[in-house]
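The values are calculated or read from the model by the stated rules, or taken from the named source; none is laboratory data. None of these values were measured; they are calculated from a predicted model. Positions of Cβ are generated from backbone atoms using ideal geometry, with glycine treated the same way; all protein chains shown enter the neighbour counts.
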Amino acid sequence: MTRPRLPLLRAATRLAALALATAGVLLTVATPASAAVPTGRYVALGDSYTAGPLIPTQVDLNCLRSNRNYPSLVASAGSSSFADVSCSGATTDDILYGGSGQLGITLPPQLNAVTSNTALVTVQIGGNDIGFSGIIGDCAEASLSSPLGSPCKNRYTAGGVDQLQARIVAATPKVTAVLQAVRRAAPGARVVVLGYPAILPDTGYGCWPVVPIAYQDVPYLRGIEKSLNTMLASAASANGATYADVYTPSIGRDACKGSGTRWVEGLVPQNSAAPFHPNARGEQGMATALLARLNS
């Protein structure tokens with residue numbers, strides 16, 4: 001079946017409009033060190049955190065994919081053949097069933113790139129299954145009226161049920177289905193699941209209005225991201241895959257840090273990247289973490 005992708009560009013435009021509402025607010029990538037990268041075919045599956053939207057050079061405008069994303073950096077360390085089918089806006093359904101990209105061009109299932117002779121598969125997925133861009137947009141908008149409060153947490157936990165935690169639970173079998181399908185397609189491959197890097201500071205209450213998330217919402221959203229990463233790690237362990245932690249090495253490099261330090265951009269990017277997405281430094285950092293995991 002064909003499913004439309006999450007409109008990343010539309011979400012970015014919405015976030016840019018929020019930047020105007022808070023008026024007055026405010027690379028060169030090194031080649032990763034060599035590591036135990038399988039020398040056979042490497043296939044990268046994933047969403048925009050894998051693809052690298054708006055990081056030069058964009059080699060696929062339909063998927064907003066960069067040739068400086070972490071799969072490209074890792075592939076340069078040893079794979080004899082390489083297929084990067086990651087796509088901005090992708091969900092688990094896009095991996096399994098296909099969908100359409102940012103330009104509306106129909107895409108086959110990402111899984112089709114995984115063949116029986118594949119040696120390495122990386123998977124970074126789940127953020128769009130829980131509605132990442134919508135959550136960021138909603139919380140940024142809510143912060144305008146209550147920057148010191150917790151309007152986003154209040155919204156998503158109304159009635160005593162944490163809707164975002166429920167979305168993570170609902171995404172678990174979808175991630176599991178992806179990993180099991182990958183294993184069937186490439187029984188001998190090493191499969192590595194990547195988590196997501198820190199978007200907000202690992203401690204404290206953020207940096208509103210530079211990153212327009214209300215102070216009391218920052219701990220809540222930080223907890224949601226950690227819960228998502230925990231789910232991904234558990235799904236990897238339960239399905240014969242390895243988990244690569246990219247959150248820990250990104251601590252202190254969140255969107256509140258200076259433009260020369262951060263891995264993830266904020267509402268108004270100061271490095272080439274989409275809002276609230278990794279820049280080239282972040283892709284480099286994830287490549288380094290992945291290579292270290294492959295070498296462990």
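Some notes on this structure:
Yes or no, residue by residue, for (1) farther than 26 Å from Leu61 by Cα; (2) in contact with a helix residue (DSSP H, G or I) (Cβ under 6 Å, 6 or more places away or on another chain):
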residue: Ala189; (1), (2): yes, no
residue: Gly195; (1), (2): no, yes
residue: Leu221; (1), (2): yes, no
residue: Lys226; (1), (2): yes, no
residue: Asn229; (1), (2): yes, no
residue: Ala235; (1), (2): yes, yes
residue: Arg253; (1), (2): yes, no
residue: Lys257; (1), (2): yes, no
residue: Gly282; (1), (2): no, no
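- Conditions (1) of a type in the set (Gly, Ala, Ser); (2) under 23 Å from Leu291 (Cβ atoms); (3) surrounded by fewer than 17 Cβ atoms within 10 Å (Cβ to Cβ): number failed by Ala238: (2)
- Some residue of region 132-140 being surrounded by fewer than 24 Cβ atoms within 10 Å (Cβ to Cβ), more than 16 Å from His277 (Cα to Cα), at pLDDT 95 or above and of a type in the set (Val, Ile, Thr): no
- Listed conditions (1) in contact with an Asp or Glu (Cβ under 8 Å, 6 or more places away or on another chain); (2) surrounded by fewer than 22 Cβ atoms within 10 Å (Cβ to Cβ) are all met by Trp263, apart from (2).
- In summary, Gly195 fulfils each of the numbered conditions (1) surrounded by 22 or more Cβ atoms within 10 Å (Cβ to Cβ); (2) out of contact with any strand residue (DSSP E or B) (no Cβ under 8 Å at 6 or more places or on another chain); (3) under 26 Å from Val268 (Cβ atoms) with the single exception of condition (2).
- Residues that are small (Gly, Ala, Ser) and either buried (at least 18 other Cβ atoms within 10 Å of the Cβ) or closer than 15 Å to Ser227 by Cβ (or both) within region 151-174 comprise Ala166, Ala170, Ala171, listed in sequence order.
- Tyr196 touching a Lys or Arg at 6+ places or on another chain (Cβ under 9 Å) and among the aromatic types (Phe, Trp, Tyr): no
- The residue list Ala274, Ala292, Ala233 contains one member that is at pLDDT 95 or above, of a type outside the set (Val, Ile, Thr) and surrounded by 20 or more Cβ atoms within 10 Å (Cβ to Cβ), which is Ala274.
- Residue in region 199-218 that is crowded, with 20+ Cβ neighbours inside 10 Å and aromatic (Phe, Trp, Tyr) present: yes
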